[in-house]
1. Using 7 Å Cα-to-Cβ label points, what is the Tyr27/Ile47 separation (nm, one decimal)?
2. What does the chain give for Rg and for Dmax, in Å, if only its C-alpha atoms count?
3. Which distance in nm do the two modelled labels at Val13 and Val56 give, with both placed 7 Å along the Cα-to-Cβ direction?
4. Tilt of helix 42-72 relative to the longest C-alpha principal axis of the chain, in degrees (0 to 90, nearest 10)?
5. Grab the DSSP H runs of the chain that are 4 residues or longer, score each as -39,500 (n - 2.57), total them, divide by all residues and round the 222 nm result to the nearest 500 deg cm²/dmol.
Amino acid sequence: MLSRIRRNSLTIVGLIVGVIAGYLYWYNIGCTTGSCPIKSNPVSMTIYGALMGALVGNLVQDFIQKRSSKKNN
């Protein structure tokens, strides 16, 4: 279990940063009229931010792993 967490650490960090960024985006910029389905609800904006953060974290993690495997070969 702990090895899985270490292996996916950048994805988890991206997820946490995305949650915080999604909430802060909703709080500071979000749609106040309610016409925007994602931006008007704090839960959906936080989930959207978490998804985007996890995707970016996973992309960075894959890039780093592929780069380090090329150096080792």
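Each value in this text was obtained by applying a stated rule to the coordinates, not by laboratory testing. Note that the structure is a prediction, hence the values are computed from the model and not measured. All Cβ positions, glycine included, derive from the backbone under ideal geometry; neighbour counts span all protein chains shown.
1. Placing both labels 7 Å beyond Cα along the Cβ direction yields 2.1 nm.
2. That works out to 15.8, 56 Å for Rg and Dmax.
3. Computed distance between label sites Val13 and Val56 equals 1.3 nm.
4. Around 20 degrees separate the two axes.
5. Working: 3 runs with 57 residues, N = 73.
It lands at -26500 deg cm²/dmol.
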